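For reference, the structure is listed below as structure tokens.
The values are calculated or read from the model by the stated rules, or taken from the named source; none is laboratory data. On a predicted model such as this, the values are computed, not experimentally measured, just so you know. Positions of Cβ are generated from backbone atoms using ideal geometry, with glycine treated the same way; all protein chains shown enter the neighbour counts.
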Amino acid sequence: MSSRPTAAPWWVQAALVWAASRIWAWAVFTTVGRQQGPGPWGDGALGYLAFTGTWDSDWYERIAREGYPATLPRDGTGQVQENAWAFYPVYPLLVRVLSAATGTGWDVTASAVSLAASLGALLLVHRLFLRLAPPGTALWGLAFVAFNPVAPVLQVPYAESLHLLLLAAALLLVARGRHLAAAPVVLLMCLTRPAGVPFAAALGITWLVRSVRRYRAGELRRPVDAVDGLFALAVFSCAAALAWPAIAWGVTGDPTAYTDTETAWRGGGGLRPVVPWFHAGAGLFGPVLGPAAPVLLVAGAAALLRARAVRERLDLVTRVWLASYAVYLLLFLHPQSSTFRLLLPLFPLALPLAAVSDSRAYRVACVVAGAVLQLVWVGWLWHWKQLPGGGDHPP
């Protein structure tokens, strides 16, 4: 992965990076799975498919087998309990269709779908990076994505790899100005993982910034001239982002079915924007330093997005996507052990990180560090360990 041109086509280079990263992730899961003790999914060591098919994969398998409940489960006080409406439908229904067509079971089919989607995702990520950087830097940026600490999730029966594929495709199509072609991709993306709201916001903000620039350049004589394909896609994305909550409402008859289900994992109480970050800060750093932690985190994120490498290497829509998704996490995320996995849609930051230096030693060190941290992430969070109070932290 030098900065010099190579004879191999771009897709061959990307596929080799994908293959190396998936083999390493397989080795990580296999090694850690052999150390698994008694838990919810077995009495001891687990093989690769059994180990990767734990945690949320159980929910996706249940959806593929049973669908979604028509009535929300509630406890004796009326609080909504954890249920399938928290998980979006495209991935489990795709696996269900392919499993029925091939006659294979959930474990094999779901793993194959995730693995294939991860290949498609990394090919599209590389294609996106090639628009923004020289081939060598783009390939190193791809390696940073493929070997990042939570990248093993791209080959387990979760929706992350399919969502990454659709997100990269949507960003690439928008960058090329192919707004009509992006519409079905955005719809599928909004029904795969809950990132439709920040994506719609990113498109709307990008359209507004471009319109202001066009107006100042004298390109817009009437307000109606600003209505273009990007504007239409932004409006469509808003509707797509609300599709899943609307479907949950339509099926259950409860207008807050989706949000009540999401907050069930937090002990109920409804959505409280931003507040959980201060609670998490106090829990980690105490009552004095804790409240400052979210403020420092926001300041650090803002400084990162304004860094020279980010501004020079990423285009407008990609930078706005990063900011929009970060704000979305700040507003609605309940920070916990799954937060690391939810940072995966910030993958474009890998490109400016690779562009900071063209030193091979620096780039190799970053890839190796990410690969080692995969062992930490899988060993710490994927590996089930009984906590004193019961259960374990989810990955």
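Below is a table of values for the structure above.
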read-out: Selected residue (only one of Leu387, Leu342 is free of Cβ contacts under 8 Å to residues at least 24 places away in the same chain, within 24 Å of Val32 (Cα to Cα) and surrounded by 17 or more Cβ atoms within 10 Å (Cβ to Cβ)); value: Leu342
read-out: Total residues in segment 72-97, condition in a helix (DSSP H, G or I) and exposed (fewer than 15 other Cβ atoms within 10 Å of the Cβ); value: 1
read-out: Count of segment 106-156 residues which are closer than 19 Å to Ala170 by Cα and of a type in the set (S, T, N, Q); value: 2
read-out: Filter result for the condition that a residue is surrounded by fewer than 17 Cβ atoms within 10 Å (Cβ to Cβ) and either over 20 Å from the mean Cα position of the chain (by Cα) or modelled with pLDDT under 95 (or both), over Gly281, Gly300, Gly290; value: Gly300
read-out: Residue selected from segment 170-188 under the condition among the aliphatic types (A, V, I, L, M) and without any contact (Cβ under 8 Å) to a residue 40 or more places away in the chain, by the criterion surrounded by the most Cβ atoms within 10 Å (Cβ to Cβ); value: Ala170
read-out: Selection within segment 368-395 - closer than 18 Å to Val145 by Cβ and within 19 Å of the chain's Cα centre (by Cα); value: Gly370, Ala371, Leu373, Gln374, Trp377, Val378
read-out: Subset of segment 18-44 [hydroxyl-bearing (Ser, Thr, Tyr) and either assigned to a loop (DSSP other than H, G, I, E, B) or under 21 Å from Trp140 (Cα atoms) (or both)]; value: Ser21
read-out: Helices (runs of 4 or more DSSP H) within segment 316-395 that include 2 or more residues farther than 30 Å from Leu49 by Cα; value: 316-332, 350-355, 360-377
read-out: Count of residues meeting criterion [in contact (Cβ under 8 Å) with a residue 12 or more places away in the chain and in a loop (DSSP other than H, G, I, E, B)] in segment 306-315; value: 3
read-out: Residue in segment 47-71 that is surrounded by the fewest Cβ atoms within 10 Å (Cβ to Cβ), counting only those that are within 22 Å of the chain's Cα centre (by Cα) and in a loop (DSSP other than H, G, I, E, B); value: Asp56
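Residues are listed down the side, and each one gets a yes or a no for (1) among the small types (Gly, Ala, Ser); (2) within 24 Å of Ser324 (Cα to Cα):
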site	(1), (2)
Arg222	no, no
Asp228	no, yes
Phe231	no, yes
Ala234	yes, yes
Ala241	yes, yes
Gly250	yes, no
Thr256	no, yes
Thr261	no, yes
Arg266	no, yes
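Residue-by-condition table, conditions (1) out of contact with any Leu (no Cβ under 8 Å at 6 or more places or on another chain); (2) farther than 23 Å from Arg22 by Cβ; (3) of a type outside the set (S, T, N, Q); (4) modelled with pLDDT of 95 or more:
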residue	(1), (2), (3), (4)
Val113	no, no, yes, yes
Ala133	no, yes, yes, yes
Leu139	yes, no, yes, yes
Asn148	no, no, no, yes
Leu162	no, no, yes, yes
Leu187	yes, yes, yes, yes
Pro194	yes, yes, yes, yes
